[in-house]
1. May I ask you to list the residues in the range 172-187 that are at pLDDT 85 or above and either open to solvent by 100 Å² or more (accessible area, probe 1.4 Å) or farther than 17 Å from residue 141 by Cβ (or both)?
2. Restricting to the range 163-191, name every residue that is assigned to a helix (DSSP H, G or I) and of a type in the set (S, T, N, Q).
3. Among the numbered conditions (1) farther than 27 Å from residue 169 by Cβ; (2) in contact (Cβ under 8 Å) with a residue 60 or more places away in the chain; (3) not small (Gly, Ala, Ser), tell me where residue 74 comes up short.
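The values are calculated or read from the model by the stated rules, or taken from the named source; none is laboratory data. The shown structure was predicted, so the numbers you read here are calculated from the model rather than taken from an experiment. Here the Cβ is made from the backbone with ideal geometry for all residues, glycine too, and neighbour counts use every protein chain on show. Note: accessible area is taken over every heavy atom of the protein model, side chains too, but ligands, DNA and RNA are not part of it. Shrake-Rupley method; radii C 1.70, N 1.55, O 1.52, S 1.80 Å.
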Amino acid sequence: RALYDSTPIGQEVEVFGTNKKKDGTTFPVHVRFAKLDDILAIANVQDISDAQQAEAFLRDSEARSAALFEDAPQGIVVADSDGLIVRVNRQLEGMFGFTREELVGSSVEILIPEPARAKHIGLRAGYAEASGSRTMGEGRRLSGRSKDGTEFPVEIGLSRIESSDGPLTIVHVMDDTVRRELEEILKTSEE
């Protein structure tokens with residue numbers, strides 16, 4: 001009666017029910033009252049245990065995904081179908097010297113040296129049509145451009161996912177400076 005008196009008609013409240021027929025355990029329920037007349041009301045009681053467990057699982061899953069994205073050993077850029085950056089991880093920030101705020105909403109071409117930017121727009125459009133996962137620029141030497149204008153060698157991997165906001169391209173970026181320096185040292189020593 002106290003719950004009915006304190007709950008406006010039609011408003012849903014969350015309380016705990018008790019399973020008296022089994023073991024007396026409590027479980028979360030939503031209760032909504034509907035008034036029939038001045039004397040009678042109907043209470044709709046719905047067990048929400050499963051829904052709460054699913055929500056908790058989803059929250060945990062999202063937290064794990066966010067940690068994997070943020071702590072990945074390579075830089076990651078997520079771009080929309082227009083080539084605008086929607087998300088980056090901290091490794092990418094450190095690699096290129098931009099802050100997250102400077103990158104999100106910018107064109108991915110901000111990370112590419114000037115001579116290659118115009119060509120990249122066409123390549124990006126071609127990838128959008130072909131999609132799939134692949135390494136970018138196989139057999140070619142690719143470069144990234146940091147905030148201060150410094151160019152450095154990179155290796156790129158691409159993958160595409162569908163989201164509620166449309167297709168997204170995930171770009172994995174690895175600084176290739178050390179490997180290329182080692183190649184040069186090996187080449188020099190062989191000569």
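1. 172 - this is the single residue of the range 172-187 that is at pLDDT 85 or above and either open to solvent by 100 Å² or more (accessible area, probe 1.4 Å) or farther than 17 Å from residue 141 by Cβ (or both).
2. 177, 188, 189
3. (1)
Residues checked against (1) at pLDDT 90 or above; (2) under 20 Å from residue 74 (Cα atoms); (3) open to solvent by less than 30 Å² (accessible area, probe 1.4 Å):
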site: 131; (1), (2), (3): no, no, no
site: 145; (1), (2), (3): yes, yes, no
site: 157; (1), (2), (3): no, yes, yes
site: 162; (1), (2), (3): no, no, no
site: 167; (1), (2), (3): no, no, no
